[in-house]
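Notes follow once the structure below has been shown.
The values are calculated or read from the model by the stated rules, or taken from the named source; none is laboratory data. Just so it is clear, the model here is predicted, and its values are computed rather than measured. Because the Cβ atoms are built from the backbone with ideal geometry, glycine has one as well, and the counts that use them run over all protein chains shown. What goes into the accessible areas is simple: the full protein's heavy atoms, side chains included, and nothing from ligands, DNA or RNA. Shrake-Rupley method; radii C 1.70, N 1.55, O 1.52, S 1.80 Å.
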Amino acid sequence: MIRRLMVANRGEIARRIFATCRSMGIETVAVYSDADENSPHVAEADYAVHLPGNAPTATYLRADLLINAARKAGADAVHPGYGFLSERRP
């Protein structure tokens, strides 16, 4: 059973996933870049982990940073969100 889920995305997508998690009793973890520090998805998550940098390629697309963030937050699972990690890139 998943008790704490990290969403490897930002914005409205993360917020919708967080809402579903809340209704299921699952704690949520947001990740955020320097540029997204004050974004609603950060405030709505139970926990938040900073990914240093601004560009998506330096933050949200860095698997090593995301794995470290999930471990730091004690997440049981990672949801890729929409875009970023969930899409196939060449």
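To the nearest ten degrees, helix 63-73 and the longest principal axis of the Cα atoms of the chain are 30 degrees apart. The angle separating the long axis of helix 11-24 from the principal Cα axis of greatest extent in the chain is about 20 degrees.
Keeping all protein chains in place, calculate the accessible area per residue for the chain (probe 1.4 angstrom), answer in Å².
I get 59 Å² per residue for this part.
When the charge dipole of the chain is built from unit charges on Cβ atoms (+1 for Lys and Arg, -1 for Asp and Glu) and taken about the Cα centre, the candidate among Thr20, Ala30, Leu51 whose Cα reaches farthest toward its positive end is Thr20. Here the chain is assigned +1 on the Cβ of each Lys and Arg and -1 on the Cβ of each Asp and Glu. Its dipole about the Cα centre then comes out at about 260 debye. Figure note: Thr57, Thr28, Thr20 ranked by solvent-accessible area, largest first, 1.4 Å probe, ligands and nucleic acids not counted: Thr57, Thr20, Thr28.
Here the sum of -39500 (n - 2.57) over DSSP H runs of 4 or more residues, divided by the residues of the chain, equals -10000 deg cm²/dmol at 222 nm, to the nearest 500.
Local charge for Ala19 was computed over the other residues whose Cβ lies under 14 Å away, with Lys and Arg +1 and Asp and Glu -1, and equals -1. Taking the accessible area of the chain, probe 1.4 Å, and keeping the other protein chains in place, the carbon and sulfur fraction comes to 52%. Okay, which of the range 31-49 sit inside 15 Å, backbone N to the point 7 Å along the Cα-Cβ direction of Ala55? Inside the label zone: 34-35.
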